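Here's the structure, in structure tokens; my notes come after.
The numbers here are math on the coordinates, done by the rules we state, and not lab data. These numbers were taken from a predicted model, which means no experiment stands behind them. Cβ placement follows ideal geometry from the backbone for every residue including glycine, while neighbour counts extend to all protein chains displayed.
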Amino acid sequence: MRVCPVNAIDYDKKIDELNIINERCIACGACLTECPETAISYQDSIEKVKRLLSEERPVFIVCDTDISAEFTDISDYRKFVSMLKALGFKKVFSSALAVDLVAAQYKKLLNEEFKGKYYLSANCPVVVNLVEKYYPHLVGNLAPILSPDLLAAKMIREQFKKVDIALVYLTPCLAHKQEVVRDAGRSKYDAVLLFPEIRKLFTEKHIQERQVEFFDFDGLEGQKGLLYPIGNGILQAGDISESLLDGNIRSTNGMQNVMKAIGSFDMQNEILHSHLNLFFCEGCVMGPGTMRDYSNKFVRSANVVDYAKKRLANFDEEEWLANLDEWKDLDTQASFSPKTVPTFDDLKYQLLMKKADQKNIVLTDSQSQIDEANYRVFQAKQSLSAVINQVSGGIVIVDSEMKIVEANNSLIVTIGEEAAAVSEVIPGLAGASLETILDKTIINFFDYTLRHNDHVDRKEVNINGTPLFLSVFNIQEHKLVGGIFRQMRSQKFDTDELVLAIQKTIDKNLTMVQEIGFILGESATNTEKDLNQLIKTLKQDE
Ligand code: SF4
Ligand code: SF4
């Protein structure tokens, strides 16, 4: 459970069972690769692919460029293509040309048409999930370009638009299984196979390389796109400079690095002055759908480079340019949207209500009313939490005993690993003492506002070497205060955005909170007061 970076695994003590909460999960596969007892498994697509292959319509397969790192036990890629044909796939494509096209789009967006807005690359579906679910305010910074796998599907469906085909993707990426479901339409795959699944199929059908002849890909072969499985391969494919002096992009990969990088992009973008090229694994060479030998990232990368060198030795550049030209008008636009992440309590309540519904139980007795009211109070708190997590700045709300009521992700990331570790156990650091995570000098400002019922405006503070402005404001006199940490370079805090979001939350919750007031009395209506006070204070602060 600790391995999950977003606390998406629930443990049911009663039946000793782990459950993944899909709405919270970002499909990184860390639990799958780290779980010593293989208690976690993924949805197998083997039966589905077998069904597709038994149908009359032709089934095509697209191979992720990472096959060069994975299938080194097969002596020649053309044998591998043949083995796939022996399974029944009518055509076998590479995804490398799609990578080249995507890379060219990135070059255009990040360099040639750069107008001061910095982007996060959107090629890794886990990074996209992370932003949509946990940094919804950064969704507009995801590069609006289709990932290579989705673009490859679109290209093939366009090329064979008059034929009813089924399309399968072969990948090292667990998240692709979920990504292709959400991106239907012309980018749709009918099934996604991970590398171990195709190996099982080869074994089951007794297909070995000595039985087959060479066969080349049926198309979409690329150039430097072959380097894609290595973290910064896509930048090399697009000739995008990572020069520290002249470039405007940085690459990082691996769970911890990506989490930190997005946190910095969120909190210190004015200092970073950089786009980020992010892959959640240590490059796709180490994707969760590869053979589980995690000691050999460098060997796997070397295999990718060797393969690319061999393939590019007699490369026909003219043909490649003509291929690129053929696709120049294809729409490569992608869109993303913020997602709401439910809490465990939220989900438990939904389950309770579902069960009550199924049993046709009407919640009229007093215990049910209290449960309902408690849940609604809880929901109101959740709304507040959702709002503060949409703000591009660190926010913490504390009570009169300096206990944290709620802190947003941005603040947790700025404070560092210790806070992140605590928040894994206590989401939003709720209940933790402010003193355990911040310096005394900072705490004094909160203490001052609590005692004197007075605001603190734009004080210079330092968290983990990051200079920030801190404003502390009252929410409930002598009972509840909030602090906002902002970048020193930010000209003006965009309170409009926050005020609007909170206003929406209030509108949404007003009826609910009034009902709570009716059921539980004064204490529950404080939530509404809190929200209103927060708006008032921020308006003053502007
Ligand atoms: S796949 Fe990743 S996000 Fe989902 S439960 Fe496993 S570790 Fe957590
Ligand atoms: S790094 Fe590659 S394999 Fe890993 S999650 Fe991202 S796209 Fe998938």
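Just the projected area, averaged over all directions, of the convex hull on the alpha carbon atoms of segment 190-235: how many nm²?
5.2 nm²
Using the alpha carbons alone, the radius of gyration of segment 9-326 stands to its Kirkwood radius in an Rg to Rh ratio of 0.96.
When you filter the trypsin sites (Lys or Arg not before Pro) in segment 34-126 for DSSP loop state and at most 16 other Cβ atoms inside 10 Å of their Cβ, you are left with K90, K115, K117. Shape descriptor for segment 59-208: Rg over Rh equals 1.01 (Cα atoms; Rh from the Kirkwood inverse mean 1/r).
The trypsin sites (Lys or Arg not before Pro) of segment 260-301 that DSSP puts in a loop, and whose beta carbon has at most 15 other beta carbons within 10 Å, are R292. The ranking of T340, T171 by Cβ neighbour count inside 10 Å, starting from the fewest, reads T340, T171. Ranked for footprinting exposure by Cβ neighbours inside 10 Å, fewest first, Y228, Y189, Y135, Y448 give Y448, Y135, Y189, Y228.
Ranked by how many other Cβ atoms sit within 10 Å of their own Cβ, fewest first, the residues R458, R486 fall in the order R458, R486.
In loop segments of segment 236-299 as defined by DSSP, the chymotrypsin sites (Phe, Trp or Tyr not before Pro) with at most 15 further C-beta atoms inside 10 Å of their C-beta are Y294. For segment 113-132 versus segment 140-177, the inter-centroid distance based on Cα atoms is 18 Å. Take every Cα pair under 8 Å whose residues are at least 6 apart in sequence, average their separation, divide by the length of segment 9-326, and the relative contact order is 25 percent.
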